[in-house]
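Just below is one structure, and these are the notes that go with it.
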Amino acid sequence: MSLPRVVVTGVGGLSCLGKNAAENWDSMRRGVCGIGPLDVPGLPDVKTAVAGQIAEIPEHSFEKRALVSMSRFGLLAAITAGEALAQAGLDKVDDRPPMRLGTVIGVGIYGNDAVEQGYDALHFSAKKRPEIFSVPKAMPSSAAVHVSMIHKLTGPVFGVTSACASGNHAIASALDLLRLGRADAIVAGGSDAPLSFGVIRAWEVMRILAKSACRPFSADRDGLILGEGSGAVVLETLESAERRGATILAELVGAGMSGDASDIVAPTVEGPASAMRNCLADAGLDLSEVDYINAHGTATMGNDKTETKAIREVFGAHADKLSVSSTKSMHAHCLGASSAIEALACIHAIRDGIVPPTVNYNEPDPECDLDVTPNVARERPISVAMSNAFAFGGSNAVVAFKAF
């Protein structure tokens, strides 16, 4: 018995590159870097000067009753999910056909803004208790449940968390749910809003934040830059999409996962290579069919050369024919949201035949000797695009999209 095919019928995106998926893609294809000066009130003793910060939250019509119990990462998720549902033609509850519609949202951290507000209330503002909704605001599944409540999604609803691979793990989980027949459509993606005092200071202590720019694969790279954002895709069985007459943007053909089982912060070659191989096998793809890889590409010295080795180990001679890029150079590292935003890059790259660039690239690194599409986008027919996500703790998730 063959597994149901799964397709993409809607996308949503929000980051420093734009307030919707179309604006994010337009910025990516033009090589626009959205990273700029960090401007968050009340951040004492923070050395970090730049971030991928959302300039303005898009307009929405969410009820105040929902907003008072929602963290920032939940709000971002609800906005992008609404955009994706609208494109898929599933935003109007009363007009939806009878179907099982759920959501899976990945998050790298939690509602850290709610936690910090609670600490401030107790330790600095002389209050006797934190705000009443602190727990539901902070819980990692908060984004998923708010997406469900606001958009009336009554199918499977849960959050996943695997640090920087959370978005891809959410997409992979949705793929499995649809293949197993547990739902007809799933809103899947990731959301994170890490630009708060405690989170930034914790990352500073690790000494892997860049001083001014994110330069993946460039020899002069000096670290990653934190960003906030959210990405969402409506994934649907082909049968459901065709029954509704929905426009199909791409096909999600496979997912691969693995664990390094090695070190909490240092990546291995073997773990990422295994995830890529598992994705190819799940999708039934030959190496030669892959045209583009949206790399994890964090711009840390360790990740970029390790990812390069892993790609070469998996693809062999075909690695020299691949187009590779890291869009984190433009939208920053949005942690659990990154791979969801990067899924949008893959889907649009397939549709438009354009490889988004790796910007801020200055110097070739002999240990990062792939075609990383430096600084300028490239026109190229793309049939298959893969998206890599490799997280702290060795949690690896790779997904593959194909032209439909």
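The values are calculated or read from the model by the stated rules, or taken from the named source; none is laboratory data. These numbers were taken from a predicted model, which means no experiment stands behind them. Neighbour counts run over all protein chains shown; Cβ positions are idealised from the backbone, glycine included. Calculation scope for accessible area: heavy atoms of the full protein, side chains included, ligands and nucleic acids excluded. Shrake-Rupley method; radii C 1.70, N 1.55, O 1.52, S 1.80 Å.
From the residues 75, 119, 86, which one has its Cα farthest along the dipole of the range 1-127 in the positive direction, the dipole being from +1 and -1 charges on Cβ of Lys/Arg and Asp/Glu about the Cα centre?
Result: 86.
Mind checking the range 211-270 for trypsin sites (Lys or Arg not before Pro) that DSSP puts in a loop (not H, G, I, E or B) and that have at most 11 other Cβ atoms within 10 Å?
Values: sites: 211, 221, 243, 244; in loops: 211, 221.
Sparse-neighbourhood loop trypsin sites (Lys or Arg not before Pro): 211.
On a straight-distance basis, which lysines could pair with residue 305 in a cross-link, Cα separation under 25 angstrom, same-chain partners fewer than 8 positions away excluded?
211, 321, 328
Can you return the lysines within cross-link range of residue 137? Criterion is Cα-Cα under 18 Å, with same-chain partners fewer than 8 residues away left out.
Answer for residue 137, where 18 Å is the Cα cut-off: 64, listed by chain and number.
Report, in whole Å, the centroid distance computed from the Cα atoms of the range 87-126 and the range 304-322.
37 Å
Could you check the spin-label model distance between residue 22 and residue 179? Points 7 Å from the Cα along Cα→Cβ, value in nm.
About 3.4 nm, to one decimal.
Note down the magnitude of the dipole of the range 318-404 about its Cα centre, charges +1 on Lys and Arg C-beta and -1 on Asp and Glu C-beta and zero elsewhere, to the nearest 20 debye. Don't skip to the answer; put the middle values down first.
Working: 6 positive and 9 negative charges, 86 e Å.
So the magnitude is around 420 debye.
Only one of the values [x] 25; [y] 42; [z] 31 was calculated from this structure for percent of Cα pairs over 33 Å apart; name its label.
Only one option fits the structure, namely [x].
Students often forget the sequence filter, so: which lysines lie under 18 Å Cα-Cα from residue 92 once same-chain residues fewer than 8 apart are removed?
Answer for residue 92, where 18 Å is the Cα cut-off: 152, listed by chain and number.
Classify the range 1-159 as rounded, prolate or oblate, taking a ≥ b ≥ c as the square roots of the eigenvalues of its Cα gyration tensor: rounded when a/c is under 1.5, otherwise prolate if a/b is larger than b/c and oblate if not.
Numbers: a/c = 2.24, a/b = 1.34, b/c = 1.68.
Note, shape of the range 1-159 comes out oblate.
With unit charges on the beta carbons (Lys and Arg positive, Asp and Glu negative) and the dipole taken about the Cα centre of the range 108-242, which residue among 173, 136, 197 sits farthest to the positive side?
Comparing the listed Cα positions along the dipole, 197 ranks first.
Give the percent of DSSP beta bridges with both residues in the chain that are antiparallel, rounded to the nearest 5.
Working: 40 of 61 bridges.
Bridges in the chain that DSSP calls antiparallel: roughly 65 percent.
Can you tell me the dipole magnitude for the chain around its Cα centre, using point charges on the Cβ only (Lys, Arg +1; Asp, Glu -1), in Debye to the nearest 20? Numbers along the way, then the final one.
Values: 35 positive and 45 negative charges, 180 e Å.
Dipole about the Cα centre, nearest 20: 860 debye.
Whenever you get a sec, line up 392, 404, 62, 124 from highest to lowest accessible area (probe 1.4 Å, protein heavy atoms).
On the way: 392 75, 404 120, 62 40, 124 165 Å².
From most exposed to least exposed: 124, 404, 392, 62.
For the range 270-399, what is the percent of antiparallel DSSP beta bridges, rounded to the nearest 5?
So the antiparallel bridges amount to about 50 percent of the total.
May I ask you to compute the full-extension gain from residue 352 to residue 239, defined as 0.36 nm times their residue separation minus their alpha-carbon distance, rounded to one decimal in nm? Display every interim value, and only then the final one.
On the way: separation 113, 0.36 × 113 = 40.68 nm, distance 2.51 nm.
Between residue 352 and residue 239, full extension yields 38.2 nm more.
For residue 6, what is the net charge nearby, where nearby means another residue's Cβ is under 12 Å from its Cβ and Lys, Arg count +1, Asp, Glu -1? Display every interim value, and only then the final one.
Numbers: positive: 5, 179, 402; negative: 176, 184, 236, 239, 251, 282.
That sum, taken over residues with Cβ under 12 Å, equals -3.
Which order, highest average first, do 254-262, 378-386, 291-299 follow once you tally other Cβ atoms within 10 Å for each residue and take the mean per peptide? Spell out each step's value before the answer.
Details: 254-262: 19.2, 378-386: 17.7, 291-299: 27.7.
Per-residue mean Cβ counts within 10 Å order the peptides as 291-299, 254-262, 378-386.
Select from 248, 280, 259 the residue farthest towards the positive end of the dipole of the range 235-290; place +1 on Cβ of Lys and Arg, -1 on Cβ of Asp and Glu, and compute about the Cα centre.
248
For the chain, what does the accessible surface come to per residue with a 1.4 Å probe? Please give it in Å². Don't skip to the answer; put the middle values down first.
Working: 16040 Å² over 404 residues.
Counting only protein heavy atoms, the per-residue value for the chain is 40 Å².
Leaving ligands, DNA and RNA out of it, work out the accessible area of residue 286 with a 1.4 Å probe and give it in Å² to the nearest 10.
Estimated to the nearest 10 Å², residue 286 gives 80 Å².
Using a 1.4 Å probe on the protein heavy atoms, what percent of the accessible area of the chain belongs to carbon and sulfur?
Values: 8470 of 16040 Å².
Of the solvent-accessible surface of the chain, carbon and sulfur hold 53 percent.
When ranked by the protection proxy of mean other Cβ atoms within 10 Å per residue, highest first, what sequence do the peptides 140-146, 263-269, 26-32, 79-85 form?
On the way: 140-146: 25.6, 263-269: 15.1, 26-32: 19.0, 79-85: 27.9.
Averaged packing, sorted descending, gives the order 79-85, 140-146, 26-32, 263-269.
Could the peptides 188-195, 325-332, 361-368 be put in order, highest first, of the mean number of other beta-carbon atoms found within 10 Å of their residues?
Values: 188-195: 33.1, 325-332: 30.5, 361-368: 15.1.
Most protected by this proxy first, the peptides run 188-195, 325-332, 361-368.
Multiply the residue separation of residue 158 and residue 265 by 0.36 nm, subtract the distance between their alpha-carbon atoms, and state the gained length in nm to one decimal. Could you put the intermediate results ahead of the total?
On the way: separation 107, 0.36 × 107 = 38.52 nm, distance 2.64 nm.
Length gained, residue 158 through residue 265: 35.9 nm.
Can you give the net charge of the other residues whose Cβ lies under 14 Å from the Cβ of residue 71, counting K and R as +1 and D and E as -1?
Working: positive: 72, 137; negative: 113, 116, 131, 192, 228.
With Lys, Arg at +1 and Asp, Glu at -1, the net is -3.
Considering only the other residues whose Cβ falls under 9 Å of the Cβ of residue 267, what net charge follows from Lys and Arg at +1 and Asp and Glu at -1? Numbers along the way, then the final one.
Working: positive: none; negative: 260, 263, 307.
With Lys, Arg at +1 and Asp, Glu at -1, the net is -3.
Please give the contour-minus-distance gain from residue 201 to residue 94: 0.36 nm per residue of separation, less the Cα-Cα distance, rounded to one decimal in nm.
Numbers: separation 107, 0.36 × 107 = 38.52 nm, distance 4.61 nm.
Gain on stretching residue 201 to residue 94: 33.9 nm.
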